[in-house]
Amino acid sequence: MRLGVIGLIPSDFFAVDDTLLQHIRSMGFSGVVAHIPGDPLQANREALRYLKSMLDRHQLRFVQLWGWYPSIVAEDPEARATGIAAASAIIQHGAEIGAEMIGLRPTSMSPQGPWSPHPANYHLATQTRLIDSLQQIAQACEQYQIRVALECHALTPLYNPAVTQYVLECVGSSWFGVNFDPVNFVADLATAYDSTPMINQLFDLLGQYALSAHVKDVVVQDDLVVHISEVPPGAGILDLDTFLRRFEALKPDAFAFIEHLAPEQIPAAAAFLHRKLTELNIPILE
């Protein structure tokens, strides 16, 4: 397994310096993820090239490039086309600078943003639009020869492993895979308290699509009505042992990323993950 980190590369890529990258290296990470700031259609190619050159200098792999884009499941055809164009632009930028893959979100029907809940996210019509959008985006993947790792979440149209499998089968493109993030599929208390069956279902249904992983944890808060929150790995109740063992067995050369932590929390999370992998006899690769 290889270890990477999300959240330490600033939006101003020209602010990336030797001190930052040495710090990332010192925590045992060999890969990073970066997000294009603003509109991907207006991305600063010079800044992207600078970032790639700095990562190469420190032998850090540019594993994934992400970016923000309008909803690709919107009912309005013009709005959806804008989202598809922006997502395709991220694919082009990633291929041009040598990122290993692209990360894409399924977005949401909510006007509040791609991670906001909306009842229509669970409708078949929304899944149908998502399938069509991904098939169009796959044309950019084919043109630029780069894969996409889809990020799934209980709040989005890719809300569980079975639905994600259905969507990917309908899309029918080998350019698409999945970022394995079991915390994102914890949608109820039963799953939070016993995550092992969900984790096994994730691997059983989507194993052929696995490209990368996110390592974090989950807690249940004692508050009305239901409050389930992310916490750093090792601080919650997720069955990390099963998740890490199965990911290693499936993708021993792939990256597992720490994400959604403040910079000051990352060293402790990295140290925990190193200890856990050692305990599980999982080698950490460069």
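The values are calculated or read from the model by the stated rules, or taken from the named source; none is laboratory data. Because the structure is a prediction, the values reported are computed rather than measured. A quick note on method: Cβ atoms are made from the backbone with ideal geometry, for glycine too, and the neighbour counts reach across all protein chains shown.
Residue by residue through segment 33-73, note down the ones that are basic (K, R) and either closer than 16 Å to M101 by Cβ or surrounded by 19 or more Cβ atoms within 10 Å (Cβ to Cβ) (or both).
Filtering segment 33-73 for residues basic (K, R) gives 45, 49, 52, 57, 61.
Hits for segment 33-73 are K52, R61.
Out of curiosity, is F272 over 15 Å from M27 (Cβ atoms), among the aromatic types (F, W, Y) and outside any strand (DSSP E or B)? Give the steps one after another, and end with the answer.
On the way: over 15 Å from M27 (Cβ atoms): no; among the aromatic types (F, W, Y): yes; outside any strand (DSSP E or B): yes.
In short, no.
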Of the residues in segment 125-163, how many are more than 17 Å from D76 (Cα to Cα) and either of a type in the set (D, E, K, R) or assigned to a helix (DSSP H, G or I) (or both)? 14
Scanning segment 242-282 residue by residue, those touching a helix residue (DSSP H, G or I) at 6+ places or on another chain (Cβ under 8 Å) and over 18 Å from G207 (Cβ atoms) turn out to be I258, L261, K276, L277, L280
When residues of segment 157-176 are limited to those that are within 13 Å of S133 (Cβ to Cβ) and not aliphatic (A, V, I, L, M), the one nearest to the chain's Cα centre (by Cα): F176
Within segment 113-120, is even one residue surrounded by fewer than 18 Cβ atoms within 10 Å (Cβ to Cβ), in a helix (DSSP H, G or I), touching a helix residue (DSSP H, G or I) at 6+ places or on another chain (Cβ under 7 Å) and modelled with pLDDT of 95 or more? yes
Please tell me if L277 is of a type outside the set (G, A, S) and either under 30 Å from Q136 (Cα atoms) or surrounded by 15 or more Cβ atoms within 10 Å (Cβ to Cβ) (or both). yes
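Name every residue in segment 245-267 that is among the basic types (K, R), over 17 Å from the mean Cα position of the chain (by Cα) and not in a helix (DSSP H, G or I), in order of residue number.
Of segment 245-267, the ones among the basic types (K, R) are 245-246, 251.
In the following step, the residues that additionally are over 17 Å from the mean Cα position of the chain (by Cα) were identified as 245-246.
Passing the criteria: none in range.
Considering segment 230-244 alone, what residues qualify as being assigned to a helix (DSSP H, G or I) and surrounded by 15 or more Cβ atoms within 10 Å (Cβ to Cβ)? Talk me through it step by step, then tell me what you get.
First, the residues of segment 230-244 that are assigned to a helix (DSSP H, G or I): 240-244.
Within segment 230-244, L240, T242, F243, L244 meet the criteria.
Being under 22 Å from the mean Cα position of the chain (by Cα) and not in a helix (DSSP H, G or I) is the filter here, so list the residues in segment 66-89 that pass it.
First, pick out the residues of segment 66-89 that are under 22 Å from the mean Cα position of the chain (by Cα): 66-74, 80, 82-89.
Result: W66, G67, W68, Y69, P70, S71, I72, V73, A74.
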Of everything in segment 268-281, what is touching a residue at least 12 places away in the same chain (Cβ under 8 Å) and over 22 Å from the mean Cα position of the chain (by Cα)? Give them in sequence order. L280
Restricting attention to segment 1-20, report how many residues are at positive phi and part of a strand (DSSP E or B). 0
Looking only at segment 245-274, and only at residues there that are among the aliphatic types (A, V, I, L, M) and surrounded by fewer than 14 Cβ atoms within 10 Å (Cβ to Cβ), the one that is nearest to M1 (Cα to Cα): A249
Given (1) closer than 18 Å to I6 by Cβ; (2) crowded, with 20+ Cβ neighbours inside 10 Å, index of the condition L130 fails: (1)
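Does any residue of segment 90-107 turn out to be at negative phi and among the hydroxyl-bearing types (S, T, Y)?
The initial filter retains those residues of segment 90-107 that are at negative phi, namely 90-97, 99-106.
Imposing the further condition that a residue be among the hydroxyl-bearing types (S, T, Y) reduces the set to none.
No, segment 90-107 contains no residue that is at negative phi and among the hydroxyl-bearing types (S, T, Y).
Grab the strands (runs of 3 or more DSSP E) fully contained in segment 164-229, keeping just those with 3 or more residues being surrounded by 12 or more Cβ atoms within 10 Å (Cβ to Cβ) and of a type in the set (V, I, T).
On the way: elements: 176-180, 210-215, 217-220.
In segment 164-229, 217-220 are the strands (runs of 3 or more DSSP E) which contain 3 or more residues that are surrounded by 12 or more Cβ atoms within 10 Å (Cβ to Cβ) and of a type in the set (V, I, T).
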Do we have any residue at all in segment 29-42 that's part of a loop (DSSP other than H, G, I, E, B) and small (G, A, S)? yes
